[in-house]
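I have placed the structure first, in the form of structure tokens, so that the comments after it can refer back to it.
The numbers here are math on the coordinates, done by the rules we state, and not lab data. For clarity, every value in this text was computed on a predicted model and none was experimentally measured. Methodologically, a virtual Cβ is constructed for each residue, glycine included, from the backbone with ideal geometry; neighbour enumeration extends over all protein chains shown.
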Amino acid sequence: MRASSFDFMGNLDTLLAVILGAVLATGGALLAEIIQERLWRKRKERDAARFFGEVLTSIDALVDLALSSQKIGKPWGRVTQRFFQTALREAAIYERNRERLFEIRDMQLRFDVHAHFLRETVPITAVLEQTDAIEAAERQLADETLTGAARAALEADLAQEIRDRDLSLEAVIYRRERSSELITRLQKLAQVTFDQGFGEREDAEDKTEASATSREQA
């Protein structure tokens, strides 16, 4: 075999080595990019789950505060209403960032989160609107010049608004009591723990205070 043939084979080996190196480098870069993108998506998913979990926990805490405040003074006083209004402002944060739900890949979880926010915030809105209607009706009934059929009709409307508000409040409580399972699912995805124990702490504090008062009276 001539020397030129050996030179050709040597050059071919070199060329193949260069091609193989290029293929491996390209494949390695592509694999690294795929891994990096997956990590980035998982990080965004965790951040989204943490965001929605914190908003949901905050709304639940405010609902707990509103319900606890009903035990002190007027059940539907300004403090109670303020807590419900603040809960709606927290829900507005969710509305402004709702597109982040698509960062959660679990379609069922996305649906459950959105449905929960609607089912909890809509009756809160109803509670506040009905409270305004009740207060307006009570102011009208305070007018001593209102008599006869007009007063009877207004009293009937007032009674209906009170019943409707009670039903709306029951819906809020019902949804609040069922948020723990959803928060647990978000915790698992976010890899953090959200503080859900506000209501339990309030009850414990109330029991402790009541016990202390009983001992003092004894």
Please express the shape of region 74-138 as an equivalent ellipsoid: the semi-axes are the square roots of 5 times the eigenvalues of the C-alpha gyration tensor, given largest first in whole angstrom. 31, 11, 8
For region 108-175, calculate the relative contact order in percent as a whole number, restricting contacts to Cα pairs under 8 Å that are 6 or more residues apart. 52 percent
May I ask you to compute the full-extension gain from R43 to K188, defined as 0.36 nm times their residue separation minus their alpha-carbon distance, rounded to one decimal in nm? 50.9 nm
Between D166 and N97, Cβ-based FRET efficiency (R0 25 Å, step 0.05) works out to 0.15
Karplus 3J(HN,Hα) series, Hz, for region 75-82 with 6.51 cos²θ - 1.76 cosθ + 1.60 (x for Gly, Pro): x, 10, x, 5, 5, 4, 5, 4
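Return an integer: the convex hull volume of the alpha-carbon atoms of region 43-201, in Å³ per residue.
109 Å³
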Computed E for R178/R89 - FRET, C-beta separation, R0 22 angstrom, nearest 0.05: 0.50
Expected unfolding gain across A115-T26 under the 0.36 nm per residue rule, minus the alpha-carbon gap, is 27.5 nm
